[in-house]
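A.B. asks: My structure is below; once you've seen it, I'll send some questions.
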Amino acid sequence: QVQLQQSGPGLVKPSQTLSLTCAISGDSVSSKNAAWNWIRQSPSRGLEWLGRTYYRSKWHTDYAISVKSRITINPDTSKNQFSLQLNSVTPEDTAVYYCVYYDSSGYPTKWGQGTLVTVSS
Amino acid sequence: QSVLTQPPSVSAAPGQKVTISCSGSSSNIGKNYVSWYQHLPGTAPKFLIYDNNKRPSGIPDRFSGSRSGTSATLGITGLQTGDEADYYCGTWDSSLNVWMFGGGTKLTVL
């Protein structure tokens with residue numbers, strides 16, 4: 001069974017870069033039957049899908065339009081993990097961030113524990 | 001503002017039934033399966049419905065889903081106070097090539 005363990009700072013200053021990592025156990029980040037996503041939740045915006053990375057003979061990424069100019073999601077095959085980088089953050093990026101496993105059915109069936117990231121000076 | 005439109009809130013008494021709508025377009029709900037999620041504060045969202053109307057194992061049959069055209073509906077019968085939560089619909093948008101959630105609906109069990 002897939003397990004996801006998130007890590008990263010809970011406080012980021014405005015204009016800086018938010019960085020989170022999600023360590024995977026129970027599957028491979030290179031699995032051809034999975035996709036590795038980041039989703040955030042805030043009272044003002046609800047659940048917001050940010051993007052994903054997945055491997056199907058080559059690596060693919062898709063990003064939400066709202067953050068496309070500021071986001072990077074990268075797989076790390078050597079450590080079996082994937083990461084989120086969100087640049088130029090503002091207080092509006094304050095949210096609980098989740099890494100999420102979408103299985104072969106195409107649904108989010110496993111969530112990380114969530115990381116509250118506050119953007120504040 | 002989400003492309004998938006849900007009512008901000010619904011309410012009903014314990015034991016009653018409630019429905020939550022999710023309105024989209026031909027590129028998302030009209031073309032792809034819809035799923036539903038229950039979110040309680042401080043916890044990860046819970047997977048309630050997939051493929052429009054199927055329940056994962058462990059989800060009681062009090063929860064049901066349906067889709068018609070570019071809209072979907074979540075139904076909950078026999079409401080319990082423990083059902084108070086935020087509910088989200090979700091689906092893929094084939095034109096934008098993104099996953100999307102509805103804006104969320106807060107259920108209050110009076």
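A.B. asks: Looking at (1) modelled with pLDDT of 95 or more; (2) open to solvent by less than 60 Å² (accessible area, probe 1.4 Å), can you tell me which one A:GLN85 breaks?
C.D. replies: Against the list (1) modelled with pLDDT of 95 or more; (2) open to solvent by less than 60 Å² (accessible area, probe 1.4 Å), A:GLN85 comes up short only on (2).
A.B. asks: Taking the criterion of being touching a Gly at 6+ places or on another chain (Cβ under 6 Å) and either of a type in the set (Gly, Ala, Ser) or within 12 Å of chain B (Cβ to nearest Cβ) (or both), would at least one residue in region A:1-13 satisfy it?
C.D. replies: Initial filter on region A:1-13 (touching a Gly at 6+ places or on another chain (Cβ under 6 Å)): A:1-4, A:6.
Next, from what is left, pick out any that are either of a type in the set (Gly, Ala, Ser) or within 12 Å of chain B (Cβ to nearest Cβ) (or both): A:4, A:6.
Yes, because at least one residue in region A:1-13 is touching a Gly at 6+ places or on another chain (Cβ under 6 Å) and either of a type in the set (Gly, Ala, Ser) or within 12 Å of chain B (Cβ to nearest Cβ) (or both).
A.B. asks: Limited to region A:18-61, what total is found for residues that are outside any strand (DSSP E or B), in contact (Cβ under 8 Å) with a residue 60 or more places away in the chain and crowded, with 17+ Cβ neighbours inside 10 Å? Steps first, please.
C.D. replies: Our first condition is that a residue be outside any strand (DSSP E or B); within region A:18-61, this holds for A:26-34, A:43-45, A:56-58.
Restricting the remaining residues to those that are in contact (Cβ under 8 Å) with a residue 60 or more places away in the chain gives A:27, A:33-34.
Those still in the list that are crowded, with 17+ Cβ neighbours inside 10 Å too: A:27, A:34.
So the answer is 2.
A.B. asks: Go through (1) at pLDDT 95 or above; (2) open to solvent by less than 20 Å² (accessible area, probe 1.4 Å); (3) touching a Lys or Arg at 6+ places or on another chain (Cβ under 9 Å) and name the single condition B:ASP93 misses.
C.D. replies: So B:ASP93 meets the others, but not (1).
A.B. asks: Counting just the residues of region B:28-42 that are open to solvent by 20 Å² or more (accessible area, probe 1.4 Å) and within 14 Å of another protein chain (Cβ to nearest Cβ), which one comes out farthest from A:ALA95 (Cα to Cα)?
C.D. replies: At the first step, the residues of region B:28-42 found to be open to solvent by 20 Å² or more (accessible area, probe 1.4 Å) are B:30-33, B:40-42.
Narrowing further to those that are within 14 Å of another protein chain (Cβ to nearest Cβ): B:31-33, B:40-42.
Details: B:LYS31: 30, B:ASN32: 28, B:TYR33: 27, B:LEU40: 15, B:PRO41: 12, B:GLY42: 12 Å.
Per the criteria, the residue is B:LYS31.
A.B. asks: When you scan region A:71-88, do you find a residue that is out of contact with any helix residue (DSSP H, G or I) (no Cβ under 7 Å at 6 or more places or on another chain), closer than 17 Å to B:ASN97 by Cβ and basic (Lys, Arg), even just one?
C.D. replies: no
A.B. asks: Related question: Condition (residue is out of contact with any Leu (no Cβ under 6 Å at 6 or more places or on another chain), of a type in the set (D, E, K, R) and within 20 Å of B:VAL3 (Cβ to Cβ)) applied to region A:76-88: is it met by at least one residue?
C.D. replies: As a first pass, look at region A:76-88 and keep what is out of contact with any Leu (no Cβ under 6 Å at 6 or more places or on another chain): A:76-83, A:85, A:87-88.
Add one more test, that the residue is of a type in the set (D, E, K, R), and what stays is A:76, A:79.
Now narrow it down to the ones that are within 20 Å of B:VAL3 (Cβ to Cβ): none.
No: zero hits.
A.B. asks: Any residue at all in region B:59-77 that's within 14 Å of chain A (Cβ to nearest Cβ), more than 22 Å from A:SER44 (Cβ to Cβ), of a type outside the set (Asp, Glu) and open to solvent by 10 Å² or more (accessible area, probe 1.4 Å)?
C.D. replies: As a first pass, look at region B:59-77 and keep what is within 14 Å of chain A (Cβ to nearest Cβ): B:59, B:65.
Keeping just the survivors that are more than 22 Å from A:SER44 (Cβ to Cβ) gives B:59, B:65.
Okay, now just the ones that are also of a type outside the set (Asp, Glu), so B:59, B:65.
Filter once more, keeping what is open to solvent by 10 Å² or more (accessible area, probe 1.4 Å): B:59, B:65.
Yes: one or more hits.
A.B. asks: If you don't mind, there's one more thing I want to ask. Quick one: B:LEU4 ticks every box in (1) open to solvent by 60 Å² or more (accessible area, probe 1.4 Å); (2) closer than 23 Å to A:VAL96 by Cβ except a single one, so which number is it?
C.D. replies: Only one criterion is unmet by B:LEU4, namely (1).
A.B. asks: Going through region B:94-110 one residue at a time, which ones are facing another protein chain (nearest Cβ under 10 Å), in contact with a helix residue (DSSP H, G or I) (Cβ under 8 Å, 6 or more places away or on another chain) and in contact (Cβ under 8 Å) with a residue 60 or more places away in the chain?
C.D. replies: If the condition is that a residue be facing another protein chain (nearest Cβ under 10 Å), in contact with a helix residue (DSSP H, G or I) (Cβ under 8 Å, 6 or more places away or on another chain) and in contact (Cβ under 8 Å) with a residue 60 or more places away in the chain, then B:LEU96 is the only one that fits.
A.B. asks: Could you check region B:78-93 and list, in sequence order, the residues that are within 12 Å of chain A (Cβ to nearest Cβ) and over 13 Å from the mean Cα position of the chain (by Cα)?
C.D. replies: Residues satisfying the conditions are B:TRP92, B:ASP93.
A.B. asks: Here is a follow-up. Could you run through region A:89-121 and say how many residues are part of a loop (DSSP other than H, G, I, E, B), open to solvent by less than 50 Å² (accessible area, probe 1.4 Å) and within 11 Å of another protein chain (Cβ to nearest Cβ)?
C.D. replies: Residues that pass the stated criteria total 5.
The values are calculated or read from the model by the stated rules, or taken from the named source; none is laboratory data. Predicted, not measured: the structure shown is a model, and the values here were computed from it. Positions of Cβ are generated from backbone atoms using ideal geometry, with glycine treated the same way; all protein chains shown enter the neighbour counts. For the accessible areas, the whole protein counts, side chains as well, though only heavy atoms, and no ligand, DNA or RNA atoms are used. Shrake-Rupley method; radii C 1.70, N 1.55, O 1.52, S 1.80 Å.
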